[in-house]
Amino acid sequence: MTEEIKSRLEQIRSGKVPKGYRQSPSGVIPRDWHDAKMSDVTEEIKETAGDKEYETLSISAGVGFVNQAKKFGREMSGAQYSKYTVLRHGDFSYNKGNSNLYPQGCIYRLNDREEAAVPNVFESFRFDLLNGDYYEQLFVSGYLNKQLYSKINHGVRDDGLLNLTGKDFYGCHLPVPPLPEQQKIAEILMQCDKVIELHQCKIEEIKKLKKACLSKMFPKQGNNVPELRFPEFSEAWKQRKLGEIVSQKISNGLMNRPGRNALLVKHINVINMYTPDKIHVDDLEYFDATESDLKKCNVEPGDIFVTRSSLKLEGIAEPNVLLDCGRFVFDDHLMQMKLLPDYFSPFVKVLLETAMVKEQFMAKAKTATMTTIGQNDIASSHSLFPKYTEQKKIASFFEVLDNLIALHQRELEEMQKYKKALMQLLLTGIVRVNA
């Protein structure tokens, strides 16, 4: 970023108007950009479904248009269907329902269907003379949030919808760059979207590969030889209960108590076993513990942790990250497995991801207010185990897949940050493009 752009940003953030810019109802914009009410540059869609058949859609925050029956498990339109608004490819809809992700509601464009019907409580519209790609990016950036917030009656809700009239919505102001510049800005941001989608697809492909390998590299019930195997191994796998592979009884952690004498691993959901994420010091908090507590909850490299609730199987990829920080205990949401020397913990961690073990846990799970499993449930579950050398080979293979997933995830997050920064600069004209 050049010093000129930095200066421009700092001026705008401090409430000043940089040279070559002007204050408008939609914000600070370049002098050669226009400002317009939505009612002046959009056409409100009023066509209704009537007795014609259309796919009925809803809007899910962070996702976009989704089939109504799939989202809610049943068709929601009913007698109201005839009043649903008909959208064509490229049309927009504003869902006035608030969410954590979009507290002022969200706007999406119909891109993957030629036509559909949406609830008439949505504000639906189209651009006839302006570039829809540019305004799709503008809406995704949350550009209207500040204006919408000022117009919403925050003391009233109507069936979960934000209390905002159509008149107020279409009274919001939009920046209107010259058409060639709209197109160029949209092209740049859409290229970012393609890179983001590429990383998302790659992550899904590797996850599918991992799932397929899990099903083929671990023997199914009634068979002691896997369907897919490294060629240097041929010995049959041996059946073992999980309780037979631990050096001591599977143990629960301690109740969470306030204080500052020892470090407590937070609820295990902060750790994701399905990527090689590590536990960091930031993931820990303090609580009181006696010397006997610390001895009971001794955490060492290679320990495996299983959650008692939600059936997510978790593990510590690099326990040394924790051990460098001092003495540790873990709370009673977790159960600890210390393995015998013949069992390689990264292999066991992979084993716990297999459908065969998960199905056993699910069959033993007790459901009340939440799904839970106990020490005996884990100990009595069984699986087939190869020799130690084959365990290491298999674990190494899945570590490569997990590392690839993590690599693409980091690149995805970096591209998302990069695009977010570009949106702030380009959509508002802080940085100009040569159209």
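Would you say residue 393 is touching a helix residue (DSSP H, G or I) at 6+ places or on another chain (Cβ under 7 Å), modelled with pLDDT of 95 or more and outside the structural domain of residue 243 (by TED's automatic domain parsing)?
Details: touching a helix residue (DSSP H, G or I) at 6+ places or on another chain (Cβ under 7 Å): no; modelled with pLDDT of 95 or more: yes; outside the structural domain of residue 243 (by TED's automatic domain parsing): yes.
No, not satisfied.
Which number in (1) more than 26 Å from residue 134 (Cβ to Cβ); (2) surrounded by fewer than 13 Cβ atoms within 10 Å (Cβ to Cβ); (3) among the small types (Gly, Ala, Ser) marks the one condition that residue 62 misses?
Of the numbered conditions (1) more than 26 Å from residue 134 (Cβ to Cβ); (2) surrounded by fewer than 13 Cβ atoms within 10 Å (Cβ to Cβ); (3) among the small types (Gly, Ala, Ser), the odd one out for residue 62 is (1).
Which of the residues that make up the range 1-48 are acidic (Asp, Glu) and farther than 22 Å from residue 169 by Cβ?
Answer for the range 1-48, where residues must be acidic (Asp, Glu) and farther than 22 Å from residue 169 by Cβ: 3, 4, 10, 32.
Given the conditions (1) closer than 26 Å to residue 428 by Cβ; (2) surrounded by fewer than 21 Cβ atoms within 10 Å (Cβ to Cβ); (3) modelled with pLDDT of 95 or more; (4) in the same structural domain as residue 44 (by TED's automatic domain parsing), and given that residue 135 satisfies all but one, which numbered condition is not satisfied?
Single failed check for residue 135: (2).
Report yes if residue 379 is touching a helix residue (DSSP H, G or I) at 6+ places or on another chain (Cβ under 6 Å), part of a helix (DSSP H, G or I), over 30 Å from residue 189 (Cα atoms) and touching a residue at least 60 places away in the same chain (Cβ under 8 Å), otherwise no.
Working: touching a helix residue (DSSP H, G or I) at 6+ places or on another chain (Cβ under 6 Å): yes; part of a helix (DSSP H, G or I): yes; over 30 Å from residue 189 (Cα atoms): yes; touching a residue at least 60 places away in the same chain (Cβ under 8 Å): yes.
It is true that residue 379 is touching a helix residue (DSSP H, G or I) at 6+ places or on another chain (Cβ under 6 Å), part of a helix (DSSP H, G or I), over 30 Å from residue 189 (Cα atoms) and touching a residue at least 60 places away in the same chain (Cβ under 8 Å).
When you go through (1) among the aliphatic types (A, V, I, L, M); (2) surrounded by 13 or more Cβ atoms within 10 Å (Cβ to Cβ); (3) more than 23 Å from residue 116 (Cα to Cα) one by one for residue 86, which number turns out not to apply?
So the condition that residue 86 fails would be (3).
Which residue pairs have Cβ atoms closer than 7 Å, lie 6 or more positions apart in sequence or on different chains, and pair a first residue in the range 421-435 that is at negative phi with a second residue that is assigned to a loop (DSSP other than H, G, I, E, B) and among the aliphatic types (A, V, I, L, M)?
From residues that are at negative phi, the pairs are 425/431; 426/433.
Being among the aliphatic types (A, V, I, L, M) and either assigned to a loop (DSSP other than H, G, I, E, B) or touching a Lys or Arg at 6+ places or on another chain (Cβ under 6 Å) (or both) is the requirement here; does residue 87 meet it?
Values: among the aliphatic types (A, V, I, L, M): yes; either assigned to a loop (DSSP other than H, G, I, E, B) or touching a Lys or Arg at 6+ places or on another chain (Cβ under 6 Å) (or both): no.
Here the answer is no, as residue 87 does not meet what is asked.
What is the number of the single condition among (1) under 32 Å from the mean Cα position of the chain (by Cα); (2) not hydrophobic (A, V, I, L, M, F, W, C); (3) not in a helix (DSSP H, G or I) that residue 70 does not meet?
(3)
Do you know which of the residues in the range 394-431 that are of a type in the set (D, E, K, R) and buried (at least 17 other Cβ atoms within 10 Å of the Cβ) is nearest to residue 209 (Cα to Cα)? Spell out how you get there, then give the answer.
If we filter the range 394-431 for residues that are of a type in the set (D, E, K, R), which is where we start, we get 399, 402, 410-411, 413-414, 417, 419-420.
Next, only the ones that are buried (at least 17 other Cβ atoms within 10 Å of the Cβ) stay: 402, 419.
Values: 402: 11, 419: 29 Å.
Among residues in the range 394-431 that are of a type in the set (D, E, K, R) and buried (at least 17 other Cβ atoms within 10 Å of the Cβ), the one nearest to residue 209 (Cα to Cα) is 402.
Do we find a residue being part of a helix (DSSP H, G or I) and either over 23 Å from residue 150 (Cβ atoms) or touching a helix residue (DSSP H, G or I) at 6+ places or on another chain (Cβ under 6 Å) (or both) anywhere in the range 49-66?
No, every residue in the range 49-66 fails to be part of a helix (DSSP H, G or I) and either over 23 Å from residue 150 (Cβ atoms) or touching a helix residue (DSSP H, G or I) at 6+ places or on another chain (Cβ under 6 Å) (or both).
Quick one: what pairs do we get from the range 34-53, first residue in contact (Cβ under 8 Å) with a residue 12 or more places away in the chain, second assigned to a loop (DSSP other than H, G, I, E, B) and hydroxyl-bearing (Ser, Thr, Tyr), C-beta under 6 Å, 6+ apart or different chains?
Within 6 Å, the pairs are 35/26; 49/84.
(1) in contact with a helix residue (DSSP H, G or I) (Cβ under 7 Å, 6 or more places away or on another chain); (2) outside any strand (DSSP E or B); (3) of a type outside the set (Lys, Arg): which one isn't true of residue 28, the others all being true?
Evaluating residue 28 over (1) in contact with a helix residue (DSSP H, G or I) (Cβ under 7 Å, 6 or more places away or on another chain); (2) outside any strand (DSSP E or B); (3) of a type outside the set (Lys, Arg) leaves (2) as the failure.
Only residues in the range 90-113 that are over 13 Å from residue 139 (Cα atoms) count as the first member; pair them with residues that are among the β-branched types (Val, Ile, Thr) and loosely packed, with under 14 Cβ neighbours inside 10 Å, Cβ under 6 angstrom, at least 6 apart or cross-chain, and list the lot.
Within 6 Å, no pair qualifies.
Take the residues in the range 138-173 that are modelled with pLDDT under 90 and among the acidic types (Asp, Glu); name whichever of them is surrounded by the most Cβ atoms within 10 Å (Cβ to Cβ).
158
Take the conditions at pLDDT 65 or above, farther than 23 Å from residue 292 by Cβ, out of contact with any strand residue (DSSP E or B) (no Cβ under 7 Å at 6 or more places or on another chain) and assigned to a loop (DSSP other than H, G, I, E, B) and apply them to residue 341. Does it pass?
So residue 341 passes the test.
With respect to residue 200, determine if the residue is in contact with a Cys (Cβ under 6 Å, 6 or more places away or on another chain), assigned to a helix (DSSP H, G or I) and not β-branched (Val, Ile, Thr).
For residue 200, the condition - in contact with a Cys (Cβ under 6 Å, 6 or more places away or on another chain), assigned to a helix (DSSP H, G or I) and not β-branched (Val, Ile, Thr) - is not met.
What residue, of 72, 122, is in contact with a Ser or Thr (Cβ under 7 Å, 6 or more places away or on another chain), at pLDDT below 95 and not acidic (Asp, Glu)? Break it down stepwise before answering.
On the way: 72 fails: in contact with a Ser or Thr (Cβ under 7 Å, 6 or more places away or on another chain).
Unique residue meeting the criteria: 122.
The values are calculated or read from the model by the stated rules, or taken from the named source; none is laboratory data. Remember, it's a predicted structure, so these values are computed and weren't measured experimentally. For neighbour counting, all protein chains shown are included, and Cβ atoms are generated from backbone atoms with ideal geometry for every residue, glycine included.
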